[in-house]
Amino acid sequence: MSNQAGLRNTVLALCVAAVVMLAVSLAVTVPVFLSSGRGGQAYPTSTPQAAPPPISPEALGRKAEMAAFQGGEQVKTINVVGVGTVKAKPDRAVVSLSVVTRGNTAVEAYQLNTEKMNGVIAALKEAGIPENRMETTGYSLNPVRSYPKDEEPVIVGYECRNSLKVTLEDLGMVGEVIDRGIKAGANQVSSVSFTLSEESKEKLRFEALSLAVKDAKAKAETIAEAAGVTLIGPTSISLSSIPTPPMPVVYKEAALVGAAAPPQIVAPEELSVTVNVSMVYEFK
């Protein structure tokens, strides 16, 4: 009996020791697990990094200012803007003609418009204008409504509008194109403008760019001389060009319709292309 009692006491002591060890283990493990978040991991995890935001112009400016420090010493600079302008006579004219027709039905208005516009194109071809210099820029077919008093609007017909743009290399033909177009069936001259060809614009841009750089350099040298410092050279250059808009021509409709001779439209003397250059010069 004494042996059995001793065995029970030993087993009981082992059980108590196991319970104590389990309690200690839970006391250590559970807080660590809970600190990682519900359902989360018990060990640290790396936080994904968000994509860097786009750099604004202001940030780029600050970055450029920081780059001006070399070896802890600020670089001394002068900021100048050079302007170059070149003028030239226009070498292109653009005439916009329109045919506007009305009919009781949409088909009638469309057919009448097509007939008249085909006549306009044929007349311009007879004048020596190639087809690739003519382009349709607008076409519409809409109902015409009447609005009786205290009644619902009523469709009384249809209007068809077809607009044609004619580009001319010979500026002296502007009046003839208008005259031939009107006699052939065009009843509106939307606009007449003079401009430069892309080849001419590109050539003038390079000339204006050269003048703008020289202008910026002259300004920097003048500032440096007045301040009693010495220029080292440009550290940055940026440019922007000002587009050359076409020059519109204002005319009187009475001078176009029923005139005995083609109207004389004189092109502007010159058009200009301007380029601006921003330059930063270092000095000592």
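Among (1) surrounded by 19 or more Cβ atoms within 10 Å (Cβ to Cβ); (2) more than 14 Å from A93 (Cα to Cα); (3) outside the structural domain of E269 (by TED's automatic domain parsing), there is one condition N187 misses while meeting the rest; what is its number?
So N187 meets the others, but not (1).
Conditions (1) touching a helix residue (DSSP H, G or I) at 6+ places or on another chain (Cβ under 7 Å); (2) at pLDDT below 95; (3) in a helix (DSSP H, G or I); (4) not hydrophobic (A, V, I, L, M, F, W, C), marked per residue:
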residue	(1), (2), (3), (4)
I121	no, no, yes, no
N142	no, no, no, yes
R145	no, yes, no, yes
P148	no, yes, no, yes
E151	no, yes, no, yes
R161	no, no, no, yes
E176	no, yes, yes, yes
D179	no, yes, yes, yes
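Do we have E152 as surrounded by fewer than 16 Cβ atoms within 10 Å (Cβ to Cβ) and farther than 24 Å from E270 by Cβ here?
In short, yes.
When region 181-198 is examined, which residues are found to be of a type outside the set (A, V, I, L, M), in a helix (DSSP H, G or I) and within 15 Å of I121 (Cβ to Cβ)?
Matches in region 181-198: G181, K183.
Scanning for something surrounded by fewer than 18 Cβ atoms within 10 Å (Cβ to Cβ) and under 24 Å from P130 (Cβ atoms), does region 172-179 turn up at least one residue?
Scanning region 172-179, I find at least one residue that is surrounded by fewer than 18 Cβ atoms within 10 Å (Cβ to Cβ) and under 24 Å from P130 (Cβ atoms), so the answer is yes.
Exactly one condition in (1) in a helix (DSSP H, G or I); (2) at pLDDT 90 or above is not met by E65; state its number.
Among (1) in a helix (DSSP H, G or I); (2) at pLDDT 90 or above, E65 violates only (2).
Before we move on, is V166 closer than 23 Å to T105 by Cβ, assigned by TED's automatic domain parsing to the domain that holds A122 and not in a helix (DSSP H, G or I)?
No; evaluated as a whole, the condition is false for this residue.
Show the residue pairs that are 6+ apart or on different chains and have beta-carbon atoms under 7 Å apart, the first residue being within region 130-143 and touching a residue at least 24 places away in the same chain (Cβ under 8 Å) and of a type in the set (D, E), the second being part of a strand (DSSP E or B) and surrounded by 13 or more Cβ atoms within 10 Å (Cβ to Cβ).
E135/K165
Per-residue answers, yes or no, for (1) outside any helix (DSSP H, G or I); (2) at pLDDT 90 or above; (3) of a type in the set (G, A, S); (4) within 30 Å of I182 (Cα to Cα):
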site: S200; (1), (2), (3), (4): no, yes, yes, no
site: E207; (1), (2), (3), (4): no, yes, no, no
site: K214; (1), (2), (3), (4): no, yes, no, no
site: E221; (1), (2), (3), (4): no, yes, no, no
site: A224; (1), (2), (3), (4): no, yes, yes, no
site: I265; (1), (2), (3), (4): yes, no, no, yes
site: S272; (1), (2), (3), (4): yes, no, yes, no
site: V277; (1), (2), (3), (4): yes, yes, no, no
site: E282; (1), (2), (3), (4): yes, yes, no, no
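For V192, indicate whether it is crowded, with 21+ Cβ neighbours inside 10 Å and modelled with pLDDT of 95 or more. Reasoning before the result, please.
Numbers: crowded, with 21+ Cβ neighbours inside 10 Å: yes; modelled with pLDDT of 95 or more: no.
Considered against the rule, which asks whether it is crowded, with 21+ Cβ neighbours inside 10 Å and modelled with pLDDT of 95 or more, V192 comes out as no.
Have a look at Y139, Y110, Y158, Y147 and point out the one that is surrounded by 19 or more Cβ atoms within 10 Å (Cβ to Cβ) and either in the same structural domain as E269 (by TED's automatic domain parsing) or of a type outside the set (A, V, I, L, M, F, W, C) (or both). Walk me through how you get there before you give the answer.
Details: Y139 fails: surrounded by 19 or more Cβ atoms within 10 Å (Cβ to Cβ); Y110 fails: surrounded by 19 or more Cβ atoms within 10 Å (Cβ to Cβ); Y147 fails: surrounded by 19 or more Cβ atoms within 10 Å (Cβ to Cβ).
None of the others qualify; the one that does is Y158.
The values are calculated or read from the model by the stated rules, or taken from the named source; none is laboratory data. Predicted model only: the values in this text are computed from it and were never measured. Heads up, the Cβs are rebuilt from the backbone with ideal geometry, glycines too, and the neighbour counts pull from every protein chain shown.
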